[in-house]
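**Q** Shown below is the structure under consideration.
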There are 2 protein chains.
Amino acid sequence: MPVPIHRASISDLAAQLNLSVSTVSRALSNNSRISEATKKRVWDKARELHYQPNHLAAALRKGRSNTLGIVIPHIDGQFFALVVKGIETLANQAGFNLMICQSNEKVEQERKNIEALLNAQVDGILVSISLYTQDFQHLEEVRRRGIPLVFFDRIMESPLTSAVVLDDYQGGYDAVSHLIEQGCQRIAHLGGPQHLNICRNRYQGYADALQKHGYALNPALVHFSDLSMQDGREGMQALLRQVPILDGVFACNDLALVGAMQMVKQQGLRIPQDVALAGFSNELFDSLTEPMLTSVDQRCEEMGKTAVQLLLDMIAAGDQEIAPRHVVLQPTLLIRGSSQRKLL
Amino acid sequence: MPVPIHRASISDLAAQLNLSVSTVSRALSNNSRISEATKKRVWDKARELHYQPNHLAAALRKGRSNTLGIVIPHIDGQFFALVVKGIETLANQAGFNLMICQSNEKVEQERKNIEALLNAQVDGILVSISLYTQDFQHLEEVRRRGIPLVFFDRIMESPLTSAVVLDDYQGGYDAVSHLIEQGCQRIAHLGGPQHLNICRNRYQGYADALQKHGYALNPALVHFSDLSMQDGREGMQALLRQVPILDGVFACNDLALVGAMQMVKQQGLRIPQDVALAGFSNELFDSLTEPMLTSVDQRCEEMGKTAVQLLLDMIAAGDQEIAPRHVVLQPTLLIRGSSQRKLL
DNA sequence: TTAGTTTGTGCAAACGTTTGCACAAACTAA
DNA sequence: TTAGTTTGTGCAAACGTTTGCACAAACTAA
């Protein structure tokens, strides 16, 4: 296989065409000061030599790399995969490449991710923080450097940074109100780490919906964990020991919910007649379980697109900084078999 | 918020320390020709000024970007997400960043992805081709340019390029043999596009397992599609019209299988007693359906790690090209309720 | 002492672009 | 004719690194 040692550069084109590199550079970027005839010669030659611009060099000279960085806790699972899809679609349209990093829910890894992205000179960064991020120095550093930064879903709460979130409070409120409408009287909650905005807000929605409908919040019916499927199983096991027995569960995510569902079935209880279930995230598997799981949809792709749009705006604004923006998307409750006790 | 205009560069350090940029550069890279005293001065100053190397500049000068590119059909679903996780782990350890592109199963997008990665000067590319890639010019171009290239899972079959695949044939063979052992006599197949190595090999495994056990291959029991859940439903509907009725299904992926499962249930047939099911991919949801789905595990993370290791080897080898390598991973059949007719 | 080696540092070019400025040639307006 | 403008191109510096080569100073061995 013949390996071509040398990729054509602008100066190769220039030499073969008897033009200066500056003229060739301008012709390639379709600068109006170059005659049509010259442009055509340059373009033809570029095609002939399979010329491909060296983005690295351009990036160095222009001070922008046309690359965006993303830091997410993990890519598996429906939610982040879809958010990334939304981000990628829009970013590519705008001519940006994407660098995706997973923190694997570890602050230390998140810190390294951020550093790697900064070193790679990305033009902007999108972040959804890990379950355990409580110290934000590495993120402050991004701001300090003047690199545009947008949070989505799991955010660092600060008026100084832009963010796109779902109205998690409303989602929790809607889900629990729905359970109450379906006749549930003792609704438990499987919650997540309360320093995370999403978990806190969903819990708050749960609490307020109870109160609004005249039910007292019973701390014994609230169980906090890290929301893995295993956590859901164990949490449910603990909650089921309460007497009188619960008749509804609202979980902070669907992974915990599906764990809870397994435990409920294992105990021989019927869903939704004995225990009605509702969760959060609208994972793919929600429609594959039996019964199907009621869940709050998070409008993932829209969240991704909105976040990247904010970021692109900030990048476009450049030095004349624009005020931080906060976008709140409205959730949709998808009602399925796991919570439907009454006929429609 | 005070925006620092200027990031410290090597020459800033040099100026403040009264050293030349070359000395500073060498000190930072811990070159043995620099005295320990000088190194210490440089490192201290670097910390003081929050110096961060500009990878772009280094990449331009050194001719390598320390970035790897990945092109996958899509990131949602268990399989690619886990492969990417494996790739990322190893790549980060080796000091490489990752640029991830989704083709969304479109050749045109795949072509653009490749071009974007080449322009970004990645040091190597990992590819799993789209469902519809039959023309490989864009991939040949990568080789022509001398950029290391490794395929995984869905590959361009060529002795000239490295690849990591599962033994899909064996996986299909094992799954179907298992169904036969469980007493199935008329096993249908939901297959994928036959120009794709994975689909062809799984189908071949199906065919050979039947033959080996003395069953004739009945073309009426084979249905090809693009393997979406909807395809699975429709394919199953068509297959169920065959008389005498089938009593087992082997699907080329779990998405199609879960669709098929819905249709089987809808027809009032019992799983696995009337129809036993086995699929491919070991998706997360396989353990959440009822009954759980038997499936061939693809050793995703290992596949990712192996692929990136091949790529890193090629990059390390540089000009003295190493011979293309093909790695075949052995699959594991995970037997679950959907196929278990006999007691253990 | 001298010649040779080691140690530590600096000069300058290079990677492939982009862009401010300069300027010649051709045109335009009087 | 002349002065001014437009059109098209080129020079050269810059982005921030890395690295081959040179060389002074300090040491080493006789």
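Computed from the coordinates by the stated procedures, all read-outs in this text should not be read as laboratory data. From a predicted model like this one, the values you see are computed outputs, not experimental measurements. Cβ atoms come from the backbone with ideal geometry, glycine included; neighbour counts cover every protein chain shown.
**Q** D for region A:1-148, whole µm²/s, Stokes-Einstein with Kirkwood Rh over alpha-carbon pairs at 4 °C and 1.567 mPa s: what number?
**A** 72
**Q** If you put +1 on each Lys and Arg Cβ and -1 on each Asp and Glu Cβ, how big is the dipole of region B:206-341 around its Cα centre, in Debye rounded to 20? Please list the in-between numbers first.
**A** Working: 10 positive and 16 negative charges, 119 e Å.
In debye, rounded to 20, region B:206-341 gives about 580.
**Q** Along the positive direction of the dipole of the protein assembly as shown (beta-carbon charges: Lys, Arg +1; Asp, Glu -1; about the Cα centre), which of B:87, A:339, B:300 reaches farthest?
**A** B:87
**Q** If you don't mind, another one. Might you report the magnitude of the Cβ-based charge dipole of chain A about its Cα centre, with Lys and Arg at +1 and Asp and Glu at -1, to the nearest 20 debye? Can you show the working numbers first?
**A** Details: 33 positive and 36 negative charges, 204 e Å.
Computed charge dipole of chain A: roughly 980 debye.
**Q** Other chains near A:137-147: what is the mean number of their Cβ atoms within 10 Å of each residue's Cβ?
**A** Values: counts 0, 0, 0, 0, 2, 0, 2, 5, 5, 6, 0.
Taking all residues of A:137-147 together, the mean is 2.
**Q** Provide the packing ranking of B:291-302, B:9-20, i.e. peptides ordered by the mean count of other C-beta atoms within 10 Å per residue, highest first. Mind dumping the intermediate values first?
**A** Working: B:291-302: 21.7, B:9-20: 16.2.
The peptides rank, most packed first, as B:291-302, B:9-20.
**Q** Sticking with this one: Using a 7 Å offset from Cα along the direction of the beta-carbon, what are the separations from residue A:213 to the same position in each other copy, nm, ascending?
**A** Label point to label point, same position, other copies: 5.1 nm.
**Q** Percent antiparallel among DSSP beta bridges with both residues in the protein assembly as shown, to the nearest 5?
**A** Working: 7 of 73 bridges.
So the antiparallel bridges in the protein assembly as shown amount to around 10 percent.
**Q** While we're looking at this one, here's another question. Where the label is 7 Å out from Cα toward Cβ, how close does residue B:245 come to the same position in every other copy, in nm, shortest first?
**A** Going from nearest to farthest copy, the values are 3.5 nm.
**Q** Just from its helices, what would the mean residue ellipticity at 222 nm be for chain A, if runs of 4 or more DSSP H residues each count -39500 (n - 2.57) and the sum is divided by every residue, rounded to the nearest 500 deg cm²/dmol? Can you show the working numbers first?
**A** Numbers: 12 runs with 146 residues, N = 344.
Mean residue ellipticity at 222 nm (helix-derived): -13000 deg cm²/dmol.
**Q** What is the ratio of the Cα radius of gyration of region B:235-343 to 2.2 N^0.38 Å, with N the residue count, to two decimals?
**A** Relative to the 2.2 N^0.38 Å estimate, region B:235-343 comes out at 1.47.
**Q** Only Lys, Arg, Asp and Glu count, each charged at its Cβ (+1, +1, -1, -1), so figure out the dipole size of region A:43-192 about its Cα centre, rounded to 20 debye.
**A** Details: 14 positive and 18 negative charges, 139 e Å.
Taking the Cα centre of region A:43-192 as origin, the dipole is about 660 debye.
**Q** For the protein assembly as shown, report the translational diffusion coefficient in µm²/s to the nearest whole number, using Stokes-Einstein at 37 °C, 0.692 mPa s, and a Kirkwood Rh over Cα pairs.
**A** Details: Rh = 27.8 Å.
In µm²/s, the coefficient rounds to 118.
**Q** Here is a further query. Can you list the copy-to-copy distances for residue A:57, using a point 7 angstrom from Cα toward Cβ, in nanometres, shortest first?
**A** 1.8
**Q** Further, regarding this structure: Helices from chain B with mean Kyte-Doolittle at least 0.0 and a Cα length along the axis of 24 Å or more, per DSSP H: which?
**A** On the way: long enough: B:300-317 (26 Å, 0.71).
Qualifying helices: B:300-317.
**Q** Follow-up. Need one number for region A:116-163: average projected area of the convex hull over its C-alpha atoms, nm². Show your work: numbers first, answer last.
**A** Working: hull surface 13.1 nm².
About 3.3 nm², averaged over all directions.
**Q** May I pose another question? Can you order the peptides B:325-335, A:272-282, A:200-210, B:275-285 by their average number of other Cβ atoms within 10 Å per residue, highest first?
**A** Output ranking for B:325-335, A:272-282, A:200-210, B:275-285: B:275-285, A:272-282, A:200-210, B:325-335.
**Q** Let me ask you something else. Any idea what the alpha-carbon Rg over 2.2 N^0.38 Å comes to for chain B? Provide the component values of the computation, followed by the final result.
**A** Working: Rg = 26.0 Å, N = 344, 2.2 N^0.38 = 20.2 Å.
Ratio of Cα Rg to 2.2 N^0.38 Å: 1.29.
**Q** Residues of region B:54-97 with backbone nitrogen within less than 13 Å of a virtual label 7 Å along the Cα-to-Cβ line of residue A:57, please, listed as ranges.
**A** Correct set: B:60-63.
**Q** Which whole number gives the average, over all residues in B:283-290, of C-beta atoms from other chains lying within 10 Å of the residue C-beta? Don't skip to the end; give the middle numbers.
**A** Details: counts 3, 10, 8, 2, 4, 13, 4, 5.
Whole-number average of other-chain Cβ neighbours for B:283-290 is 6.
**Q** Farthest toward the dipole's positive end in the protein assembly as shown, which of A:273, B:19, B:126, given Cβ charges of +1 (Lys, Arg) and -1 (Asp, Glu) about the Cα centre?
**A** B:19
**Q** Per residue of B:97-108, what is the mean number of Cβ atoms on other protein chains within 10 angstrom of that residue's Cβ?
**A** Numbers: counts 11, 6, 6, 9, 5, 7, 0, 3, 0, 0, 0, 0.
Averaged over the peptide's residues, the number is 4.
**Q** Specify which residue in the list B:216, B:67, B:242 is farthest towards the positive end of the charge dipole of chain B, using unit charges on the beta carbon of Lys, Arg (+1) and Asp, Glu (-1), about the Cα centre.
**A** B:67
**Q** Give the distance, in whole Å, between the Cα centre of region B:53-100 and the Cα centre of region B:300-344.
**A** Taking the Cα centre of each part, region B:53-100 and region B:300-344 sit 18 Å apart.
**Q** For region B:190-344, what does the relative contact order come out to in percent, with C-alpha contacts under 8 Å and a separation of six or more? The partial results should precede the final answer.
**A** On the way: 222 pairs, mean separation 30.3, N = 155.
Relative CO of region B:190-344 lands at 20 percent.
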